[in-house]
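A quick write-up on the structure given underneath.
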Amino acid sequence: MLYSKSLTHYPTRGYVGSVRFQSGTAEEEANNLITEFKSEIENANQVITPRNFSFSGCGFLIPYHLGVAHALREMGYIQKSSKMAGASGGSIVAMAVVTAADLIEIKEDAKNLAAFGRAKGIWGNLEPTMRKLFEDRFAHFDVEQLTKRLTITTMQMWPKREIVHSNVFDSSKDLCDAIIASCWVPFYLARKPSSLFRGEWHIDGGLVKIVPEVPDHVRVCAIPADLLFRPDYEISPSLDPTFPIPSFDLIRYSLFPPEPRVLEDLFHHGRKTAYLWAKQQQKKEDKKN
């Protein structure tokens, strides 16, 4: 879910069925809340302590994670010292954050890729496109700068079965292979059950544990934490009592890309839930003081 200038821009619509998504409203609400938060912090002369974050598998819900990361960066919780982890689509977001990519551009790229998938079909068609897109956007980045700052989670299937957290990469190809393996839902990216990574066969790192369990990382999940009975997933749609998209639809959208208006809404609802989490942190700090 990355970008390439060679990726065809397929026609998109702002409707899903008979429902029109009001992204303008969601965007305005998120903008107002985050602006208010930043003003409160500035007026109180408070210093935000940067945090580390771990992003769940998400598929085509990736704009939600991008919105969360964008707002956390706006509010000061993601800084240059922050570490990121991710599985599946969350690994792409984690990589985008630590490489200081423009998250707005990546969001638009994700919408283009979703349109490509709706036009050309998803199953078995994505691996070559994703590798090409990685090459266009991230291949130039010095992977040594990512050491211990970026953790990519995969599930090794052979020669032994275990969850693998990789945080050192020896080349751009090694990083790309890690991302592809972490996103590898069997037979989804290509017509193979698993992906070769460092001479071993791996699949999607979020299939067993949807959020990588990396110490000292705030866990971010694109599926409501309440649905998964995971209160330790601190940032999720469960934080927002007005979150408008039903859980069943979120799960469906993760594999079958929705219309661009839904993806745009997801981005701004991600920003709002990041704000709600930040307000919780403020209250905790107030109690300490």
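The values are calculated or read from the model by the stated rules, or taken from the named source; none is laboratory data. Quick caveat: nothing in here was measured; it's all calculated off a predicted structure. Virtual Cβ from ideal backbone geometry, glycine too; neighbours counted across all protein chains shown. Calculation scope for accessible area: heavy atoms of the full protein, side chains included, ligands and nucleic acids excluded. Shrake-Rupley method; radii C 1.70, N 1.55, O 1.52, S 1.80 Å.
Observations
- Cα gyration tensor shape for the chain, rounded if a/c is under 1.5, else prolate or oblate: oblate
- For the stretch 276-287, the Karplus equation 6.51 cos²θ - 1.76 cosθ + 1.60, evaluated at θ = phi - 60°, returns couplings of 4, 5, 4, 5, 4, 5, 4, 5, 5, 5, 5, 5 Hz by residue, with Gly and Pro reported as x.
- Taken about its Cα centre, the stretch 162-289 carries a charge dipole of roughly 240 debye when the Cβ of each Lys and Arg holds +1 and the Cβ of each Asp and Glu holds -1.
- Dipole of the chain, positive end: most advanced residue of P237, A114, A69 [Cβ charges, Cα centre]: A114
- Of all beta bridges that DSSP places with both ends in the stretch 74-210, some 75 percent have antiparallel geometry.
- Rounded to the nearest 20, the Cβ-based charge dipole of the stretch 127-205 about its Cα centre (Lys and Arg +1, Asp and Glu -1) stands at 220 debye.
- The chain: relative contact order as a whole-number percent, Cα under 8 Å and 6+ apart: 29
- Antiparallel %, DSSP beta bridges [both residues in the chain], to 5: 55
- Residue-span extension gain [L227 to F187] - 0.36 nm each, minus C-alpha spacing: 11.7 nm
- Sites W123 and S172, calculated FRET efficiency, Cβ-Cβ separation with R0 30 Å, nearest 0.05: 0.65
- The charge dipole of the chain, taken about the Cα centre with unit charges on the Cβ atoms of Lys, Arg (+1) and Asp, Glu (-1), comes to about 500 debye, rounded to the nearest 20.
- Accessible area per residue for the stretch 214-289, computed on protein heavy atoms with a 1.4 Å probe, is 48 Å².
- Carbon/sulfur fraction of accessible area - the stretch 20-144, other protein chains in place, 1.4 Å, %: 47
- Taking all Cα pairs closer than 8 Å and separated by 6 or more residues, the relative contact order of the stretch 41-136 comes to 29 percent.
- Added length on full extension, which subtracts the Cα-Cα distance from 0.36 nm per residue, E213 to T49: 56.9 nm
- Where the stretch 105-210 is the region considered: accessible area per residue in Å², 1.4 Å probe: 46
- Calculated over the stretch 91-146, the projected area of the Cα convex hull averaged across directions stands at 4.1 nm².
- P(r) histogram, all alpha-carbon pairs of the stretch 82-240 included - 5 Å bins from 0, percent: 2, 9, 17, 21, 22, 17, 10, 2, 0
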